[in-house]
Amino acid sequence: DVKVTQSSRYLVKRTGEKVFLECVQDMDHENMFWYRQDPGLGLRLIYFSYDVKMKEKGDIPEGYSVSREKKERFSLILESASTNQTSMYLCASSLSGRQWTDTQYFGPGTRLTVL
Amino acid sequence: AQSVTQLDSQVPVFEEAPVELRCNYSSSVSVYLFWYVQYPNQGLQLLLKYLSGSTLVESINGFEAEFNKSQTSFHLRKPSVHISDTAEYFCAVSIIQGAQKLVFGQGTRLTINP
């Protein structure tokens, strides 16, 4: 079974803090994704990566950056957290770069609250 | 641009009743279609997907979805729901162009009442 783990289930940070969300997958997947999930808005793609050190902006990248130094690990960084970044953050992975049929496997999510 | 619309944000039904969760999409290029499910306090998991062939696809737990190209819809149905089906359901499209990306709908919260 594919396993996607996220470093924290719940996180509380203060405005202006730098925040790191970590995601690890154990199935040698090429693609990794970061989404945020908000009520009534569904999931929106923040960033994705289809190879080590490669990254592409998703639909809402503003205020976020990412890092992928190793194939299994994909980090989401909030350089200066703001209250409008309070949300549920979901990490996902899928097998190969341009296979549009691949299933995405999701982690359990990190609920981030910015005070 | 591509978009996915789930017409109902919440659907309450009684146990053993039938249910339909509606999904419509808009895309200028071909797409593959997915339904994901999120049980309480869990991440999303794949329920079923349409790639090609028969327009009716089924999941292992009794859900089915039918791809209708002319109406650009991919509605999800189950003839008889159980309490354990309580979850949020997300429709998504994978655009057959460029890198693999999913575009999700807003989600439908299915609540089963005994």
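Quote the convex hull volume per residue of the protein assembly as shown, based on C-alpha atoms, as a whole number of Å³. Walk me through the intermediate numbers first.
Values: hull volume 27.7 nm³, N = 229.
In the protein assembly as shown, the Cα hull volume divided by residue count equals 121 Å³.
Computed from the mean reciprocal separation of all distinct C-alpha pairs, what Kirkwood hydrodynamic radius does segment A:1-67 have, in Å? Working shown, then result.
Working: mean 1/r = 0.0739 Å⁻¹.
Result for segment A:1-67, one decimal place: 13.5 Å.
Tell me, what is the Rg over Rh of segment B:37-94, with Rh the Kirkwood radius over Cα pairs? Intermediate results must be reported in sequence, preceding the final value.
On the way: Rg = 12.0 Å, Rh = 12.4 Å.
Over the Cα atoms of segment B:37-94, Rg/Rh equals 0.97.
So for segment B:1-62, averaging the separation of alpha carbon pairs under 8 Å that are six or more residues apart and normalising by length, what relative contact order in percent results? Walk me through the intermediate numbers first.
Numbers: 61 pairs, mean separation 15.2, N = 62.
About 24 percent, as a whole number.
I'd like the distance between the alpha-carbon centres of segment B:46-74 and segment A:1-79, rounded to an integer number of Å.
Using only Cα atoms to place each centre, the spacing works out to 29 Å.
When a footprinting reagent is the concern and you count Cβ atoms within 10 Å, what order do A:91, A:23 take, fewest first?
Details: A:91 28, A:23 25.
Ordered by Cβ neighbours within 10 Å, fewest first: A:23, A:91.
For residue A:71, list the lysines whose Cα falls under 21 Å from its own Cα; do not include residues on the same chain fewer than 8 positions away.
Output for residue A:71: A:3, A:53, A:55, A:57, B:101.
Please name which of B:63, B:100, B:111 has its Cα lying farthest along the dipole of segment B:48-114 towards the positive end, using unit charges on Cβ (Lys, Arg +1; Asp, Glu -1) and the Cα centre as origin.
With unit charges placed on the Cβ atoms, the residue in question is B:100.
For segment B:35-114, calculate the relative contact order in percent as a whole number, restricting contacts to Cα pairs under 8 Å that are 6 or more residues apart. Let's see the in-between values first.
On the way: 123 pairs, mean separation 20.2, N = 80.
The normalised contact order for segment B:35-114 reaches 25 percent.
Using every alpha carbon pair in chain B, what percent of pairs falls into each 10 Å bin from 0 up to the bin containing the largest distance?
Per 10 Å bin, starting at 0, the Cα pair percentages come out as 14, 49, 29, 7, 0.
Once Rh for chain A is found with the Kirkwood sum over Cα pairs, what is the Stokes-Einstein diffusion coefficient at 4 °C and 1.567 mPa s, in µm²/s?
On the way: Rh = 14.0 Å.
So the translational diffusion coefficient is about 92 µm²/s.
Computed from the coordinates by the stated procedures, all read-outs in this text should not be read as laboratory data. Because the structure is a prediction, the values reported are computed rather than measured. For neighbour counting, all protein chains shown are included, and Cβ atoms are generated from backbone atoms with ideal geometry for every residue, glycine included.
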